[in-house]
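Heads up: the structure comes next, in structure tokens.
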4 protein chains.
Amino acid sequence: MSQGFFGPRTASGRAALLPDPPWFYSGDLLTVEYRVDPERVRELLPHPLELADEDPGAVAFIWADWQSCGSDRAQLLDPVLGQYKEAFVVVRCRFGGQTYSRCVYIWVDTDFAIARGLHQGYPKKLGAIHLTRPHPYGPAPRVAPGSRFGASLAASDRRLAEAQITLLEEVPENGFVNAHPMAHNRYVRAIDDPSRFRLDEIIATSAAEAEGGPAYRASVDHFALFPSPTEELDLLAPEEIIGGYYRQVGVVWNGGRVLHDNLADQPEVQHA
Amino acid sequence: MSQGFFGPRTASGRAALLPDPPWFYSGDLLTVEYRVDPERVRELLPHPLELADEDPGAVAFIWADWQSCGSDRAQLLDPVLGQYKEAFVVVRCRFGGQTYSRCVYIWVDTDFAIARGLHQGYPKKLGAIHLTRPHPYGPAPRVAPGSRFGASLAASDRRLAEAQITLLEEVPENGFVNAHPMAHNRYVRAIDDPSRFRLDEIIATSAAEAEGGPAYRASVDHFALFPSPTEELDLLAPEEIIGGYYRQVGVVWNGGRVLHDNLADQPEVQHA
Amino acid sequence: MSQGFFGPRTASGRAALLPDPPWFYSGDLLTVEYRVDPERVRELLPHPLELADEDPGAVAFIWADWQSCGSDRAQLLDPVLGQYKEAFVVVRCRFGGQTYSRCVYIWVDTDFAIARGLHQGYPKKLGAIHLTRPHPYGPAPRVAPGSRFGASLAASDRRLAEAQITLLEEVPENGFVNAHPMAHNRYVRAIDDPSRFRLDEIIATSAAEAEGGPAYRASVDHFALFPSPTEELDLLAPEEIIGGYYRQVGVVWNGGRVLHDNLADQPEVQHA
Amino acid sequence: MSQGFFGPRTASGRAALLPDPPWFYSGDLLTVEYRVDPERVRELLPHPLELADEDPGAVAFIWADWQSCGSDRAQLLDPVLGQYKEAFVVVRCRFGGQTYSRCVYIWVDTDFAIARGLHQGYPKKLGAIHLTRPHPYGPAPRVAPGSRFGASLAASDRRLAEAQITLLEEVPENGFVNAHPMAHNRYVRAIDDPSRFRLDEIIATSAAEAEGGPAYRASVDHFALFPSPTEELDLLAPEEIIGGYYRQVGVVWNGGRVLHDNLADQPEVQHA
């Protein structure tokens, strides 16, 4: 019997790229929230997702520096297997009377993070991601008002985004755009007809458990999105900055549920 | 309407990680064929695939250095978008009275190659792959008898495999293990129950068109597989070397067909 | 007039790979101290350096995760310009009646760290370095007794070293092998006769300022050095483990002084 | 006695980052020649180098894809040790009545290439370099009129340069800017006074042997240099394109000679 949560599948499952969930994470989140024309969000939402009722053009650009592991914590002690960084863009949407967050773009720097994203419905690409890390000594910033953090994202040897923030004060929430369960699509194209989907479902997922330090509101001293022939981030260029946030967190992820099977319910959207 | 052959899907489809098929490739293939205990192959074949009738323990370890592109050739001129290398392990299997090749392990060094592999049913991980390139001048080898080529594979900062071959003479075929259509599984786990599959199908795929130079038979001067806590290559250590091969090729890939839907036909294998 | 602390030198100096010293660092240090046959240390010490009087076979293998910057702190906010990791091997030696530490092997993962090392006499290569980072939330370890940290080093796609430690208790010192000023050679070969040195001097250098948290003594749960055709770490395989250490520090580096000009004083060693 | 052409130096020399010269290379060169205001070249030439008499504002931007090795060819068969790519900018200058080429900026993607550059006086940084490779089959270009090649350079996660050319016809020379012996500075700052040089010499170096296929003149379909806060390539933006070139070559490098010792002859330039 083949074993393994994700390929390659083998008799023992040892070669699998991913351990079974739950998955555990420690990490730092640097967030810039801003507004775009809601039409820029709408055009990224596949049917039947709709714009959120309130502040529908709100966007969160988030950098994260993670250490992750499975239940046996093995990846923490061979850290090339568990550390990764990511940068991602979140909008909000509405389905079945509920508001969801939704990741529309995401870059990570390891294969296991790509594979987890495929399971979770994140549209992952590889990128080069850097963000200032807090440190208790020397020139790096403490997690405290007045501290400055920077972040950058590149892919295919082009810089795509960069930000600099200064922490201002503790606040109750780490922003509002990425605060709902995620509504994500999972797609697989048919092998014999690439215009047809073999799987097209909308799933909802969120952290099973979460802890963390205080959230900090931050001034956004610099935020820039750059054009690229293979990206569309420039279509999400900010019209108005809402604010910055910084928080250190611990998270457990352990699955989700199907919101909608686009193939079963809506045969008219099987063709792209 | 969302566009894009692979995520992220957008209004224009420009940000998609993959262009629509067909996909075009130019590349060099360095192959080592050898035999293992057929039981080592059998345990890698999920039901209902069976061992090949002849030489069932034959394995091909292949390194490839590719330049790839979509129909508009754009990736050739911005080569970070189209060049990649891979190392992969192929066995043979039997289904419905036909013999197929099957990739059981594969490492590549770009995200677009991972994504194409997901569509095609290759169990891709990221790796560091190097192989000697032929060159008409200086110390690098020509494509000619007597020339020596080396190759290596590493993943997660561990060397997994290395080979050295010497070209001997032109031969009609570039080995026999990777010479059939591929029979690959495409799997997606259910988001609400990771023990259940949402998609589990066996597809057949092969090159739509192929051209190439002469195949060369080669002596295998060195071939080694190394252990790793996250890999099982050492279970495929050679009992007997069959031979080496080297060939330069051009290939077009343009889809495949479903051989078997494991969920529809065999509900008893929905649980891993 | 050409400007720039390190090449490329230009009219403005802006393209220089390094800013002028002083250089500032925040980082975490994971150390394994152990003993080898002192002859293994002696053969790494060029004339006129001699073995240390006490515990001459003591070795420190150190992993470090750094954020670094120049006086204007610019690299902290564009962190691809300042973050790097390193793994290095330190022994002790004696010169002019004083005991010095000396780095005999070092791997880093950025070009600016290589360039700083050339100025400081470190024999740097590129490597892939990972070490567990402390974190206040989730599965990653706190900086506290009982916490476990792992580390790995690879170069040229081969794993060279790995370690796992468990913090035990606060101690006054972060080990003793890397506790002295460094005595390093700076070499440049003559362009017209590679058997002759154009520069061969021994310099002494140490931190200009340092701060830090408590040092922790740690058990060494795992420590392994692996062979490689282009490395000699296996010659420094431990005969006896002394212990592990962990400490977070802030450091300022601002130059050193010449201990010995091998060309001026010892013409007989100009030829290798 | 310590051995090794370049650090780390050991009893056997096996760990050295570089083998002894001569060094052997096989590679492909994609060149764009163009003109800038000669003042932009003059400000990059340290005393006593002067502008070339003819066409003093001519610049060559060159991408190269190399396989390299020492006398025993070992790096060809473990190709992670010998393959690398580079992008570099060459101008011309005059010294002692002779015309020299001079590399003013260069990026490579391996440590051994950085180390060789230090010996040869190239101001190397790490970069990400890609260039289309010729191939006899499939969509990649042949080395023949009408074939198109592209190239890109990035460093610190920013794209710095890109080019696209179309081969036109065989020509006798592969451009003229990089056609002279190189005049390069080798610098080492004093460890106790970074405003003072411990070594500052101008050396001349060129290939000891060279072979190659025909040079091709090419149209320059696209050439762009991008700004970066840590680079000055934008100061060398083209005022007029001269032309493109493409050639495959084999080269041997085996040392050079000192043209000028700036410290001995010109004490007034010891201070930057």
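In this structure, the amide hydrogen of residue B:198, modeled 1.01 Å from its nitrogen in the peptide plane, lies closer than 5 angstrom to those of B:188, B:189, B:190, counting only residues at least 5 positions away or on a different chain.
Size of region D:154-272: Rg and Dmax of its alpha carbons, in Å, are 19.1, 56. What separates the residue C:97 label point from its copies, with the point 7 Å along Cα to Cβ, is 5.6, 8.9, 9.6 nm, written shortest first. On a per residue basis, the convex hull of the C-alpha atoms belonging to region C:42-106 measures out at 111 Å³. On association of chains B and A, roughly 5200 Å² of accessible area becomes buried (total for both chains; probe 1.4 Å). Treating each Cα of region B:160-210 as an identical point scatterer and summing with the Debye formula, the log10 of I(q)/I(0) at q = 0.23 Å⁻¹ comes to -0.96. At what distance in angstrom do the alpha carbon centres of region A:223-254 and region A:171-218 lie from each other? Centre-to-centre distance over Cα atoms comes out at 15 Å. Accessible-area rank, largest first, for D:47, B:130, A:135: D:47, B:130, A:135, with all protein chains present and a 1.4 angstrom probe.
The Cα-based radius of gyration of region D:1-150, divided by its Kirkwood radius, gives an Rg/Rh of 1.04.
For chain A, the direction-averaged projected area of the alpha-carbon convex hull comes to 16.0 nm².
Other residues whose C-beta falls under 9 angstrom from the C-beta of residue C:202 contribute a net charge of -2, scoring Lys and Arg +1 and Asp and Glu -1.
For region A:200-258, the relative contact order is 60 percent, taking Cα pairs closer than 8 Å that sit 6 or more residues apart in sequence and dividing their mean separation by the residue count. For region B:1-90, with equal point scatterers placed on the C-alpha atoms only and solvent neglected, what are the log10 I(q)/I(0) values from the Debye formula at q = 0.23, 0.25 1/Å, to two decimals? For the requested q values the scattering log ratios are -1.03, -1.14.
Hey, in the GNM for chain C with a 10 angstrom Cα cutoff, which one of C:205, C:110, C:230 fluctuates hardest? Looking only at C:205, C:110, C:230, the largest GNM fluctuation is found for C:230. Backbone geometry of region B:141-157 corresponds, through the Karplus equation with coefficients 6.51, -1.76 and 1.60 at θ = phi - 60°, to 3J(HN,Hα) couplings of x, 7, 7, 6, x, x, 6, 10, 10, x, 7, 9, 9, 9, 8, 6, 6 Hz, x marking Gly and Pro. A convex hull fitted to the Cα coordinates of region C:6-47 yields 163 cubic angstrom per residue.
Note on chain C: helix-only mean residue ellipticity at 222 nm, from DSSP H runs of 4+ residues weighted -39500 (n - 2.57) and normalised by residue number, equals -2000 deg cm²/dmol. Across the identical copies, the 7 Å label point of residue C:211, projected outward along Cα→Cβ, sits 2.8, 6.4, 6.8 nm from its counterparts, in ascending order.
Considering the protein assembly as shown, its Cα convex hull presents a mean projected area of 40.5 nm². Averaging the sequence gap over all C-alpha pairs within less than 8 Å and six or more residues apart, then dividing by the number of residues, gives chain B a relative contact order of 20 percent. Residues whose amide H comes within less than 5 Å of that of residue B:259, counting only those at least five positions distant or on another chain, are B:202, B:203, B:204 (H built at 1.01 Å from N in the peptide plane). For peptide D:180-191, the mean count of partner chain Cβ atoms within 10 Å of a residue's Cβ comes to 5. Take each residue in C:97-108, count the other chain C-beta atoms within 10 Å of its C-beta, and the mean is 1. Looking at region D:120-219, the pairs of alpha carbons with a distance over 20 Å make up 62% of the total. Once the whole set of protein chains is in place, how much accessible area is left on residue B:182, using a 1.4 Å probe, in Å² to the nearest 10? Counting only protein heavy atoms, the figure is 10 Å². Pairs of Cα atoms under 8 Å, at least six residues apart: use those to get the relative contact order of region B:6-91, whole percent. Relative contact order comes out at 29 percent. A label point on residue A:43, set 7 Å along the Cα-to-Cβ line, lies at 4.2, 5.4, 6.8 nm from each of its counterparts in the other copies, closest listed first.
For the rotation that carries chain D onto chain C, the axis lies closest to a Cβ at D:199, 3, where the number is the distance in whole Å. Split the accessible area of region D:86-147 by element, probe 1.4 Å, and carbon with sulfur accounts for 49%. Working note: Cα gyration tensor of region D:76-181, eigenvalues times five, square-rooted, sorted largest first, giving semi-axes of 25, 21, 14 Å. Here, region B:173-241 yields an orientationally averaged convex hull projection of 8.1 nm² when only Cα atoms define the hull.
The values are calculated or read from the model by the stated rules, or taken from the named source; none is laboratory data. None of the values given here were measured: they were computed from a predicted structure. Glycine also receives a Cβ, built like all others from the backbone with ideal geometry; neighbour counts cover every protein chain displayed. What goes into the accessible areas is simple: the full protein's heavy atoms, side chains included, and nothing from ligands, DNA or RNA. Shrake-Rupley method; radii C 1.70, N 1.55, O 1.52, S 1.80 Å.
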